[in-house]
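All remarks here apply to the structure that follows.
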Amino acid sequence: MKRLMKKKVKFFKKEVSVFVLVLIGVVGLASAALIPYLSNVITGFVTVSAPMELAFDSGYSNFEQSWSIHGGEEFSFDTYQKNNGEQGIDVFNVILFVKSPEGDIWTGEEFQSVFLEDERYPAGTPGEILPCLYHIKDNGDIINFQNIDSENVNIAKLIFNSEDLEDNGICDGSADPTTYTHAGGHEIVNHITVDTNTHIKPSGEEDSYVMKLFYTDDLTSLGDVEAELFPTTP
């Protein structure tokens, strides 16, 4: 080993000892191992939640509710809506998806009345809103729910077009739905009563009418939302 370390080899046309080469290699490895950390590393994780929250109760813990009725009877529910964020958010009125059972097509005659009590309106209620209830097409256009049979849809995407009432007091579709600003930290409570038609198609427990409510600021995206909320079985 000593003889090897004393042995001369040519390095860049000059004779150097093997010992010098080994030393150069060690220094090179040490230099390559230097990482320019001047401190320890800390790690942070950010959890993001949707700012708007919907529930069937004021405790924001009831996210599912069921009703059992006969055709011609009514059912009612409260929706509690809160902006948990600090910033005001521009949103449309709550969108209501309703899937009819067994792939049936909506006719627009399923409801006799839809009554809304909303704290944003004088005396806390606009009252009867069925004439102002519209189905939203995939391109964002609207058609009155009572004319929905022309759309041949199994899932109704409904919105209360309050702009109609605020524009001229008549639900005639003269104004398109617009967003309103839901202030940060603000809570809204709605009470909705739906009176069904006597001839509404009966459904079994295995395939009932399914309602899903949510907020959005883009009516043209509802086709994608529908596919996600009601995935088809391959």
Test of understanding: among V48, V114, which residue is of a type in the set (A, V, I, L, M) and touching a residue at least 40 places away in the same chain (Cβ under 8 Å)? V114
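Scan L130, L222, L213 and give me the residue that is surrounded by 13 or more Cβ atoms within 10 Å (Cβ to Cβ), at pLDDT 90 or above, in contact with a Leu (Cβ under 8 Å, 6 or more places away or on another chain) and in the same structural domain as D104 (by TED's automatic domain parsing).
Details: L130 fails: in contact with a Leu (Cβ under 8 Å, 6 or more places away or on another chain); L222 fails: in contact with a Leu (Cβ under 8 Å, 6 or more places away or on another chain).
Selected residue: L213, the only one of L130, L222, L213 that is surrounded by 13 or more Cβ atoms within 10 Å (Cβ to Cβ), at pLDDT 90 or above, in contact with a Leu (Cβ under 8 Å, 6 or more places away or on another chain) and in the same structural domain as D104 (by TED's automatic domain parsing).
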For segment 175-208, which positions are under 19 Å from the mean Cα position of the chain (by Cα) and of a type in the set (A, V, I, L, M, F, W, C)? A183, I188
(1) surrounded by 14 or more Cβ atoms within 10 Å (Cβ to Cβ); (2) more than 22 Å from F111 (Cα to Cα) all hold for I159 apart from (2)
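Counting only residues that are under 17 Å from G184 (Cα atoms) and part of a loop (DSSP other than H, G, I, E, B), how many does segment 64-93 have?
Narrowing segment 64-93 to residues under 17 Å from G184 (Cα atoms): 80-93.
Then drop every residue that is not part of a loop (DSSP other than H, G, I, E, B), which leaves 84-88, 92-93.
Counting residues in segment 64-93 that are under 17 Å from G184 (Cα atoms) and part of a loop (DSSP other than H, G, I, E, B) gives 7.
Mind telling me which of the residues T79, T47, T43 ends up being outside the structural domain of T181 (by TED's automatic domain parsing), modelled with pLDDT under 95 and under 19 Å from the mean Cα position of the chain (by Cα)? If you could, list the steps in order and put the result at the bottom.
Values: T79 fails: outside the structural domain of T181 (by TED's automatic domain parsing); T43 fails: under 19 Å from the mean Cα position of the chain (by Cα).
Matching residue, one of T79, T47, T43: T47.
Just to be sure I understand, how many residues within segment 94-107 are part of a loop (DSSP other than H, G, I, E, B) and crowded, with 19+ Cβ neighbours inside 10 Å?
3
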H186: passes all of (1) within 14 Å of V91 (Cβ to Cβ); (2) in contact with a Pro (Cβ under 9 Å, 6 or more places away or on another chain); (3) not charged (D, E, K, R) but (2)
From the list D90, D164, D118, D172, which one is of a type in the set (D, E, K, R), buried (at least 18 other Cβ atoms within 10 Å of the Cβ) and in contact with an Asp or Glu (Cβ under 7 Å, 6 or more places away or on another chain)? D164
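The values are calculated or read from the model by the stated rules, or taken from the named source; none is laboratory data. Everything numeric in this text was worked out from a predicted model, so none of it was measured. Positions of Cβ are backbone-derived with ideal geometry, glycine not excepted, and every protein chain shown enters the neighbour counts.
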